[in-house]
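First up is the structure itself, then whatever we jot down about it.
The values are calculated or read from the model by the stated rules, or taken from the named source; none is laboratory data. All values derive from a computational prediction rather than experimental measurement. FYI the Cβ positions are ideal-geometry reconstructions off the backbone, even for glycines, and counts take in every protein chain you see. Each accessible area value is taken on the protein alone, full model and side chains, heavy atoms only, with ligands, DNA and RNA left out. Shrake-Rupley method; radii C 1.70, N 1.55, O 1.52, S 1.80 Å.
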Amino acid sequence: MVLLCFVAASTFWLLNALNKSYSTQITYPIRFVYDQEELIPVKPLPEEVTINVTGKGWKLLRKSLHLEVQPAEIFIRSLPKNNYLLGPALRPALVNALDGLQLNFVVTDTLYFNFDPKVERRIPLALDPTQQLTGERHAVVGPVRISPDSVTFTGPSSLIDSMPGRLFLRLPNQSLTESAQLEVPINYDYKAMIRADKETAVVKVHVKSLLQEERQLAPEVVNAPAGRDVLLRPPFVLVRYQLLEDSAALLNRDMFKAVLDYRQYTPQDSTVVPQLVQKPTGVRNITLWPERIKVITR
C-alpha cells in the first residue's frame, strides 16, 4: 500500500513538473538544403547547433530525446561567398522549426561549412611504369590492354582539379609467367568526397618466355696508335642476352659486333670499356663481360 502511494505521488509530481515552463540549453538538429546537382560539400556538414529555449517540460523532454523533431533547414541558394554563418543568422530557420518552444538565443557562435561547384573529369588509366611485371625469364609482349581505359570522377572542383592527369594501376602479381587477365582496383585520394564511375579495371597482359644465351666475340680495336701491335687481356668479350623463345630459330647471331675505342684508353689501369655497336633485332637485357679489357701496345 505504501509502495502504491509512493508511485502515485511520484507520478503526480512528474506530471506536474512536466506541465511547468523551463528555460534550458539543448542541441537541435539542422539540415542544409542545396542543389545537389550543382553544389557539393568539401567536408562533412554540421548536423546540430546549441540553443537556449523556453517551453513546457513535455516539449523540452521530446526535443531532448529527438522525438518528432523537425530539423531546422538552412537553404544554400548558390555557391556561398563565405564559408560560415553567425549564430544570429540561424534564428529564422530555428524559429520555424521549434514547435511549441520559444527560442531565447543561439548559443553556437559560428557555423562553418565549405561548398564547391560539383564537377566531372575523365582521367586516363595506365600501368605504373615503375612496376616489374614479370620474372627474369619472361617478358611482356605487345601493348597492355586496360578496360576501361579511363574513369570519370565526380566531386568538389577543388579536389577534382588536384587529381593527376593520369592514374597509374599496380598489378597484384609482380612475377607473371604467363599471359593473364587481372582485375585491378582503381586507387585515388579523397574517396569519401569523390565518386568514380568505375572502382576496378581489367588489365590484359601478354607474356612470353625468354631464352638466355651467350656468345663470345673478338672485339675490334679502333683508333689504335699506328704501327704498334695491340694485345688484349682477355682477348674476347662475352655477350649475354635474352630473346623470345619462339623467335630463337630466326635470330641472326652473326650480327653481334663489339669494339674497343683506344681513344677511351685509361692509363691508370691500361684498360678500355668494350662497346657493343651492332646487335640482331629481338635481343634484350644485354650485358658484356668483362666490363673493362686490358690493352697493351708494343
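Take each of the peptides 224-235, 241-252, average the number of other beta-carbon atoms within 10 Å over its residues, and list them starting from the highest.
Numbers: 224-235: 10.8, 241-252: 14.7.
Ranked from most to least packed, the peptides come out as 241-252, 224-235.
Within the assembled protein chains, the solvent-accessible surface assigned to S162 is about 70 Å², based on a 1.4 Å probe. Taking the DSSP beta bridges with both ends in the chain, the antiparallel portion is around 85 percent.
Using modelled amide H (1.01 Å from N, peptide plane; none on Pro or chain starts), what sits under 5 Å from the amide H of L251, excluding residues fewer than 5 places away? Residues meeting the amide H criterion: none. Here the peptides 262-268, 139-145 are ranked by packing, the mean other Cβ count within 10 Å, and the order with the highest first is 139-145, 262-268.
Proximity of backbone amide H atoms, modeled 1.01 Å from N, is registered between V144 and no other residue at under 5 Å, excluding neighbours fewer than 5 places apart on the same chain.
Since only F115, H138, V95 are under comparison, the one whose Cα sits farthest along the positive direction of the charge dipole of the chain, derived from C-beta charges on Lys, Arg, Asp and Glu, is H138. For the listed residue pairs K43/K81; K208/K257; K204/K279, the alpha carbons are over 19 angstrom apart in K208/K257; K204/K279. Within a straight-line Cα-Cα reach of under 13 Å, K198 can be paired with the following aspartates and glutamates, leaving aside sequence neighbours fewer than 8 residues apart in one chain: D149, E183.
Secondary-structure-derived ellipticity at 222 nm for the chain, considering helices only, amounts to -3500 deg cm²/dmol, per-run term -39500 (n - 2.57) for DSSP H runs with n ≥ 4.
Mind checking the dipole of the chain: about its Cα centre, +1 per Lys or Arg Cβ, -1 per Asp or Glu Cβ, Debye to the nearest 20?
Details: 34 positive and 30 negative charges, 82 e Å.
It comes to approximately 400 debye.
Report the relative contact order of segment 140-291, percent, no decimals, based on alpha-carbon pairs under 8 angstrom and at least 6 residues apart. Over segment 140-291, the number comes to 21 percent. Computed from backbone phi, the HN-Hα couplings of segment 167-175 come to 9, 9, 9, 10, 6, x, 10, 9, 9 Hz, rounded to whole numbers (Karplus: 6.51 cos²θ - 1.76 cosθ + 1.60, θ = phi - 60°; Gly and Pro given as x). Within the listed set D149, D261, D197, the residue fluctuating most in the Gaussian network model of the chain (springs between alpha-carbon atoms under 10 angstrom) is D261. Straight-line cross-link reach from K294 at under 19 Å between alpha-carbon atoms covers these aspartates and glutamates, not counting any fewer than eight positions away in the same chain: E220, D229, D261, D269. Mean sequence separation of contacting Cα pairs (under 8 Å, at least six apart), scaled by the length of the chain, corresponds to a relative contact order of 13 percent. Close amide-amide hydrogen proximity is noted between R31 and A72, E73, I74, each under 5 Å apart and 5 or more residues distant or on a separate chain (H modeled in the peptide plane; Pro and chain starts excluded).
With the simple spin-label model, which puts each label point 7 Å out from Cα in the Cβ direction, the Q212 to D197 separation comes to 4.8 nm. Annotation: extensible slack from V230 through M255 equals 6.6 nm (criterion: 0.36 nm per residue apart, minus Cα-Cα distance).
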